[in-house]
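Chemist: Quick one: the structure is below, and I'll ask about it shortly.
Every number in this text was worked out from the coordinates using simple rules, so none of it is lab data. Not measured: the values here are computed from a predicted model. Glycine gets a Cβ as well: all are built from the backbone with ideal geometry, and neighbour counts include every protein chain shown.
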Amino acid sequence: MKIRAVALNTFKEAIRDRILYLLLFFAAVSFILSRLLSLLTVGDKTKIIIDAGLSSLSIFGVLMAILMGTGLVYKEIDKKTVYTLLSKPISRNQFILGKFLGLIITLFIMLLVMTAIFFIIILLHSGTISWKLFVSLGFVFLELCLITSVALLFSCFSTPILSSIFSLSFYLIGHLSWGLETLIKKMSPGITKILTQVAYTLLPDLENFNFKTEVVHNLPIQPEMFLFSFFYGITYTFFILMLAMLVFRKRDFI
């Protein structure tokens, strides 16, 4: 009940933020541009629209998660409203969970709106929508949940600007960490290789949520990969949320 109250309040605040609608506008423009780009390109035009559209959904969704998430806790601390909230019968863990769920609901609605625009453009072009698109979009949302938890974690101890930089770095590293695997295969045995393997294990691999290639080229999606990516996202998000709760519990507001 307390978590729901915080989540609802967070949702009401987030949905009024103009940055969401600005990003939504640019997302819609990018979908329209993908349609125009397909008309000027030789090849399968539907594939180009889907490829560009999924990339836009992911990028603008991540920007929403970062720009909103990095200010969730900091704003409460900066405006001193956190003192009023924590003076009520609500634990710090419930406060963090409420903030997280409130933003997740906001992102879900924004993703639905962007998806609706995206699907309209696809239908106008090809008249059909592949079921694999829904799978890819589901994992885009799962990735947004993880990025939101990361942004929330940084918001517990840093300023919005630094938190945004940290969160964006997390996102970029997560999509480039596969390069470490290639590097490890080429390295000779030794302490450097061991340290690199440890770094590769600890760093996030956000490519687990990227099913764009399978959707665009109509490739089969292996059930094992599907299940692994799902549980990977749930586990990593839960782990980051636990860290956020731990950090927030250790904060001294006196």
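Chemist: Report, to two decimal places, the Cα Rg of the stretch 147-247 normalised by 2.2 N^0.38 Å (N = number of residues).
Modeler: This ratio for the stretch 147-247 stands at 1.25.
Chemist: Let me ask something else. Need the full-extension length gain, Lys193 to Glu181, defined as separation in residues times 0.36 nm minus the C-alpha distance. One decimal, nm.
Modeler: Contour length minus Cα-Cα distance gives 3.3 nm.
Chemist: Hey, fewest Cβ within 10 Å first, where do Val113, Val150 land in order?
Modeler: Placing the least packed residue first, the sequence is Val113, Val150.
Chemist: Moving on. Suppose each label sits 7 Å from its Cα in the direction of the beta carbon; what would the Lys79-Leu203 distance come out to in nanometres?
Modeler: 3.8 nm
Chemist: For the cross-link pairs Lys12/Lys132; Lys99/Lys132; Lys45/Lys212; Lys2/Lys75; Lys132/Lys185; Lys12/Lys250, which exceed 22 Å when the distance is taken from alpha carbon to alpha carbon?
Modeler: Lys12/Lys132; Lys99/Lys132; Lys132/Lys185; Lys12/Lys250
Chemist: Relative to the longest principal axis of the chain, what angle (0 to 90°, nearest 10) does the C-alpha long axis of helix 191-202 take?
Modeler: 80 degrees
Chemist: Hey, what number do you get for the chain at 222 nm if only DSSP H runs of n ≥ 4 count, each worth -39500 (n - 2.57), divided across all residues, to the nearest 500?
Modeler: It lands at -27000 deg cm²/dmol.
Chemist: Compute the length gained on full extension between Phe26 and Met225: take 0.36 nm times their separation in residues and subtract their Cα-Cα distance, giving the result in nm to one decimal.
Modeler: Here the segment from Phe26 to Met225 would lengthen by 68.4 nm.
Chemist: Follow-up. Round to the nearest 10 and give me the degree value, 0 to 90, for the angle of helix 18-39's Cα axis relative to the longest principal axis of the chain.
Modeler: Result, in degrees: 10.
Chemist: ³J(HN,Hα) across the stretch 153-163 via Karplus (A = 6.51, B = -1.76, C = 1.60, θ = phi - 60°), whole Hz, x for Gly/Pro?
Modeler: For the stretch 153-163, the Karplus-derived couplings read 4, 5, 5, 6, 9, 9, 6, x, 5, 5, 4 Hz, x marking Gly and Pro.
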